[in-house]
1. Filter segment 1-28 down to residues that are touching a residue at least 40 places away in the same chain (Cβ under 8 Å) and not in a helix (DSSP H, G or I) and give me whichever is surrounded by the fewest Cβ atoms within 10 Å (Cβ to Cβ).
2. For segment 150-164, give me each residue that is surrounded by 12 or more Cβ atoms within 10 Å (Cβ to Cβ) and either touching a Phe, Trp or Tyr at 6+ places or on another chain (Cβ under 6 Å) or closer than 17 Å to Leu105 by Cβ (or both).
3. Out of the residues in segment 73-93 that are under 20 Å from Pro15 (Cα atoms) and free of Cβ contacts under 8 Å to residues at least 40 places away in the same chain, which is surrounded by the fewest Cβ atoms within 10 Å (Cβ to Cβ)?
4. Say whether the condition of being aliphatic (A, V, I, L, M) and in a helix (DSSP H, G or I) is met by at least one residue in segment 140-151.
5. Can you pull out every residue in segment 1-59 that is basic (Lys, Arg) and in contact with a Lys or Arg (Cβ under 6 Å, 6 or more places away or on another chain)?
6. Before we move on, is Ser36 under 15 Å from the mean Cα position of the chain (by Cα) and of a type in the set (S, T, N, Q)?
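Read-outs throughout are calculated quantities, based only on the coordinates presented, and are distinct from any laboratory measurement. Since this is a predicted model, take the numbers as computed values, not measurements. Neighbour counts are summed over all protein chains in view; Cβ atoms, including those assigned to glycine, are modelled from backbone coordinates with ideal geometry.
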Amino acid sequence: MWETELLARYLNGEPLAIVVEHSRHVADLALEIANSMSLPPEECLFIKEAALLHDIGVCQVHAAGLGLHGKHPYIMHGVLGRAILESEGYPLHALVCERHTGVGLTCEDIVRQDLPLPHREMCPLSLPEQIICFADLFYSKKPGRLAERKSVAQVRKKLRPFGDEKVAVFDAWLEKFGWSDRD
């Protein structure tokens, strides 16, 4: 798979294994949603590719628990991933990287939380971006827990400290993707 080869150009060892496994779980769930919505094959292919690459930017962050020793804070992995994928010639995949944090980051979120990010909107806009962002909420990159799918209640609990509006976005996606009857 070309996506794994691309990831391997930026990551190796345990960090590569973690990102590959995490991304496969995200891709599987994203494709499950895409198929349930009867999305066209070319859109499903993009969703699979972008889901597999959405965390490429972690190669430049510091997260000792994941074996990552880059110079940037973890919150930057989306914008770093965007830069990597744009340089590799994948501009639409790059947008997924930048827009997949939580349910997306608004410029107001970035300023209010004083995040080390460019002051711009980083919320998923397209349906594939939203599906991948949604699927990513259900899986962590914690070693030993990569295959554990969080419940809807667990995802809501994790989003709640960031504001009721973040939970509302998630709830709207539950409805949109036909998950409102789960958990």
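1. Met1
2. Once the filter is applied, which keeps residues that are surrounded by 12 or more Cβ atoms within 10 Å (Cβ to Cβ) and either touching a Phe, Trp or Tyr at 6+ places or on another chain (Cβ under 6 Å) or closer than 17 Å to Leu105 by Cβ (or both), segment 150-164 yields Lys150, Val155, Lys158, Leu159, Arg160, Phe162, Gly163.
3. Once the filter is applied, the top-ranked residue is Ala83.
4. No - not one qualifying residue is present in segment 140-151.
5. The answer is none; no residue qualifies.
6. no
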